[in-house]
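The values are calculated or read from the model by the stated rules, or taken from the named source; none is laboratory data. Source: prediction; values computed, not measured. Here Cβ is always computed from backbone atoms with ideal geometry, including for glycine, and neighbour counts include all displayed protein chains. Protein only, heavy atoms only, side chains kept; ligands, DNA and RNA dropped before computing areas. Shrake-Rupley method; radii C 1.70, N 1.55, O 1.52, S 1.80 Å.
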Amino acid sequence: MSATTTNDLPLQPSLALRIGLWTAQVLVFVLFTFSGVMKTFTPIQELAQMMPWAGEYSVPFVRTIGLIDLAGGLGILLPSLTRIMPRLTVLAALGCSTLQVFAFVFHISRGEGAVTPLNIVLLALSLFVLWGRNGKAPIAPRG
């Protein structure tokens, strides 16, 4: 008997793990998608009142960050939900994790430490999804 099977049947991830992963995916989806929509469609002057850095960088840069946020938010949930290419969720989780590391460093370098707790929470959630969907509770592709 191997560590991954019992009587030749694959071990099922616990219900708590599956609920936790879906919850994390929905939270990351909501936060990244909301942020992406704001950065992509809000006029820069209005966005700069909420996020001062947005008024200090080029419009294409801010809009690109918004599109990256949107892609991460959609990628963390939709492939798993539809079971169409669910491995994309793992790649999205990796991308979201990487983005949060860069966002954390960016905000610290600007003296904006007050906004970094959200980056840490999003990093933790993204890493949890990465860990869980990569091995512990992967989503099977539609068959």
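On the chain, 72 percent of the accessible area sits on carbon and sulfur atoms, based on a 1.4 Å probe. Each of Ala114, Phe104, Gly135 was placed along the dipole of the chain (beta-carbon charges, centred on the mean Cα), and the one lying farthest toward the positive end is Gly135. Between the beta carbons of Val30 and Arg87, assuming R0 = 25 Å, the FRET efficiency works out to 0.65 to the nearest 0.05. Once a ≥ b ≥ c are taken as the square roots of the eigenvalues of the Cα gyration tensor of the stretch 54-127, is the result rounded (a/c under 1.5), prolate (a/b larger than b/c) or oblate (a/b not larger than b/c)? Judged from the Cα gyration tensor, the stretch 54-127 comes out oblate (a/c at least 1.5, b/c at or above a/b). Using θ = phi - 60° in the Karplus curve 6.51 cos²θ - 1.76 cosθ + 1.60, the 3J(HN,Hα) couplings for the stretch 46-55 round to 6, 5, 5, 6, 8, 10, x, 4, 5, x Hz; x is entered for Gly and Pro. At an R0 of 41 angstrom, the distance between the Cβ atoms of Ile44 and Ala124 translates into a FRET efficiency of 0.85. Simple point charges give the picture: +1 on the Cβ of Lys and Arg, -1 on the Cβ of Asp and Glu, and for the chain a dipole about the Cα centre of about 400 debye. With each label modelled as a point 7 angstrom along the Cα→C-beta vector, the Tyr57-Glu112 pair spans 0.8 nm. Counted as membrane-span-like here are DSSP H helices of the chain whose alpha-carbon atoms extend 24 Å or more along the helix's own axis and whose Kyte-Doolittle mean is -0.5 or above; these are 15-41, 59-82, 87-109. If the chain linking Leu74 and Ile19 were pulled fully straight, counting 0.36 nm for each residue of separation and taking away their Cα-Cα distance, it would gain 17.9 nm. Take the chain with all the other protein chains still there, run a 1.4 Å probe, and you get 59 Å² of accessible area per residue.
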